[in-house]
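Engineer: This is the structure, below, for whatever I ask next.
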Ligand SMILES: [Zn+2]
């Protein structure tokens with residue numbers, strides 16, 4: 001296990017989507033950047049098995065943020081079924097122009113990228129292939145509006161980025177709103193245990 005920010009998300013189904021998810025609550029009033037330092041970028045790349053040979057520097061954090069915010073609208077457009085902004089496509093093409101073919105090690109692993117910039121270009125290539133292929137149709141955003149995390153919905157049934165986070169938050173909100181709506185009284189088909197001592201508690 002590579003130690004990393006415990007709030008960091010690696011469950012989107014693709015590295016480029018994990019990159020977008022390095023901003024928490026990205027679409028709410030208080031976004032949280034979880035990759036805003038060289039050390040956090042270094043650990044994030046390590047966790048994604050993309051540790052570069054050269055140590056990342058502050059410019060790489062800027063590059064990572066630029067790529068992240070370039071890929072975000074492209075991913076959101078694809079998830080919504082909209083055509084992308086041509087300017088974003090052009091900008092992604094400019095990043096891809098720096099791509100270099102990966103080399104393989106003897107045990108069939110991708111050789112490490114030389115620099116963090118190379119690692120980011122690989123991520124851009126992965127995003128481009130994802131967005132141009134059939135898997136683009138599986139891109140979804142989390143149903144929690146503030147979260148709206150993009151993920152690859154492999155099963156076609158995923159509603160939340162995480163059932164344990166946004167799914168639970170939704171249930172808590174729904175419960176509170178039911179209470180606020182004055183529906184604390186159990187529905188009529190329910191039998192309160194205290195009204196039915198010793199009997200069946202109802203269904
Ligand atoms: Zn979510």
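The values are calculated or read from the model by the stated rules, or taken from the named source; none is laboratory data. Predicted, not measured: the structure shown is a model, and the values here were computed from it. Positions of Cβ are generated from backbone atoms using ideal geometry, with glycine treated the same way; all protein chains shown enter the neighbour counts.
Engineer: Tell me which residues, restricted to the stretch 119-143, are part of a loop (DSSP other than H, G, I, E, B) and farther than 26 Å from residue 98 by Cα.
Structural biologist: Once the filter is applied, which keeps residues that are part of a loop (DSSP other than H, G, I, E, B) and farther than 26 Å from residue 98 by Cα, the stretch 119-143 yields 142, 143.
Engineer: Same structure, new question: Quick one: which residue in 146, 107 is free of Cβ contacts under 8 Å to residues at least 24 places away in the same chain, in a loop (DSSP other than H, G, I, E, B) and either more than 16 Å from the ligand (Cβ to nearest atom) or surrounded by fewer than 17 Cβ atoms within 10 Å (Cβ to Cβ) (or both)?
Structural biologist: Unique residue meeting the criteria: 107.
Engineer: For the stretch 53-75, state whether one or more residues are in the same structural domain as residue 32 (by TED's automatic domain parsing), closer than 18 Å to residue 17 by Cα, within 16 Å of the ligand (Cβ to nearest atom) and in contact with a strand residue (DSSP E or B) (Cβ under 9 Å, 6 or more places away or on another chain).
Structural biologist: Within the stretch 53-75 (the criterion being in the same structural domain as residue 32 (by TED's automatic domain parsing), closer than 18 Å to residue 17 by Cα, within 16 Å of the ligand (Cβ to nearest atom) and in contact with a strand residue (DSSP E or B) (Cβ under 9 Å, 6 or more places away or on another chain)), the answer is yes, since at least one residue qualifies.
Engineer: When you scan the stretch 129-150, how many residues do you find that are touching a helix residue (DSSP H, G or I) at 6+ places or on another chain (Cβ under 6 Å) and within 26 Å of residue 110 (Cβ to Cβ)?
Structural biologist: So the answer is 4.
Engineer: Then there is this: In the stretch 149-163, what residues are surrounded by 17 or more Cβ atoms within 10 Å (Cβ to Cβ), more than 7 Å from the ligand (Cβ to nearest atom) and part of a loop (DSSP other than H, G, I, E, B)?
Structural biologist: Within the stretch 149-163, 153, 158 qualify.
Engineer: Could you check how many residues of the stretch 68-101 are within 20 Å of residue 152 (Cβ to Cβ), outside any helix (DSSP H, G or I) and touching a helix residue (DSSP H, G or I) at 6+ places or on another chain (Cβ under 6 Å)?
Structural biologist: Of the residues in that region, 1 qualify.
Engineer: Moving to a separate point now. Pairs under 6 Å by beta carbon, first residue touching a residue at least 40 places away in the same chain (Cβ under 8 Å) in the stretch 150-162, partner part of a loop (DSSP other than H, G, I, E, B) and away from the ligand (no atom under 15 Å from the Cβ), six or more apart or different chains?
Structural biologist: Every condition considered, the pairs that remain are 152/14.
Engineer: Could you check residue 135 against (1) more than 15 Å from the ligand (Cβ to nearest atom); (2) not assigned by TED's automatic domain parsing to the domain that holds residue 76 and say which number it fails?
Structural biologist: (2)
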